[in-house]
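Notes to accompany the following structure.
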Amino acid sequence: MTRFSRVQKVAGWLDALAEQTGRIVSWLTLAMVFVTVAVVILRYLFDIGSIALQESITYLHALVFMLGAAYTLKHDSHVRVDIFYQQRKARARAWINLLGSVLLLMPVCVFIFASSLGYVGNSWSIHEGSREAGGLDGVFLLKTIIPLMAILLLLQGLSVVLRSVLVIAGCPVPADSDSGPDREL
C-alpha cells in the first residue's frame, strides 16, 4: 500500500463520516416540516398551542444546520466567491482549498470547539432547560451540538486538506469521490 493510497483511504473514511451524517440529518428536515404542519393545524384548527412543539422546530433547525455543515463542505456547497476559483485548473484549486482549510477553516473550528466547551459545560452542570413553561428540558443537549459541529467540520476540513495534497502531488483522486478540488475532472 503506497502512502498515497493510505491518504486516499483516510480521506475516504472522513468523507464517509460526513456523508452518513448528512444523510441522517437530512431526514430531520422532513421531521421539521411535519412538526411545523402539526403546530399550524393545532393552533389554527383546534386553538391548541404547544411551546414544546414550537421549540422542537428550533431544535431540528439547529441540528440540520450544525450537523449538516461537514456534509455541505464535502459536497463543496459552502458559499464562497468563486470568480477566480472556477477558472483555475485543478492544481490551483487544490492550493486554494489547502490554504483556505489550513489558514481559515481549521483555526475557526478549533476556536469554536475550545470556546464552546465552557458554555456547554455550564449548561450541562445545571441540566439547562427551556426558559418557557412547558418548553423542552434539553437545552444542554442542543448546546452540545456546537462542539460536535466543530469536530465534524474539522474532520471534513482534514479530508479537504488530504485530497488537496493528493492533487498537488499529482495523484489522481478516485472517480467515486465527489468531493475535493478536482472533482470536475
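We did not get these values from a lab; they are worked out from the coordinates using the rules stated. Note that the coordinates shown come from a computational prediction; the quantities given were computed from them, not determined experimentally. Methodologically, a virtual Cβ is constructed for each residue, glycine included, from the backbone with ideal geometry; neighbour enumeration extends over all protein chains shown.
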Among the residues of the range 141-153, how many are touching a residue at least 40 places away in the same chain (Cβ under 8 Å) and assigned to a loop (DSSP other than H, G, I, E, B)? 0
Inside the range 113-140, the number of residues satisfying the requirement of being outside any loop (DSSP other than H, G, I, E, B), without any contact (Cβ under 8 Å) to a residue 40 or more places away in the chain and surrounded by 16 or more Cβ atoms within 10 Å (Cβ to Cβ) is 5
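For the range 1-100, give me every one of the helices (runs of 4 or more DSSP H) that falls completely inside it and has 3 or more residues that are of a type in the set (D, E, K, R).
Numbers: elements: 3-46, 51-67, 69-74, 90-100.
Here the list reads 3-46.
Matching residues to (1) surrounded by 13 or more Cβ atoms within 10 Å (Cβ to Cβ); (2) more than 20 Å from the chain's Cα centre (by Cα); (3) aromatic (Phe, Trp, Tyr):
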position	(1), (2), (3)
GLY12	yes, no, no
ALA18	yes, no, no
THR21	yes, no, no
LEU30	no, no, no
VAL35	yes, yes, no
ASP47	no, yes, no
SER56	yes, no, no
TYR59	yes, no, yes
VAL64	yes, no, no
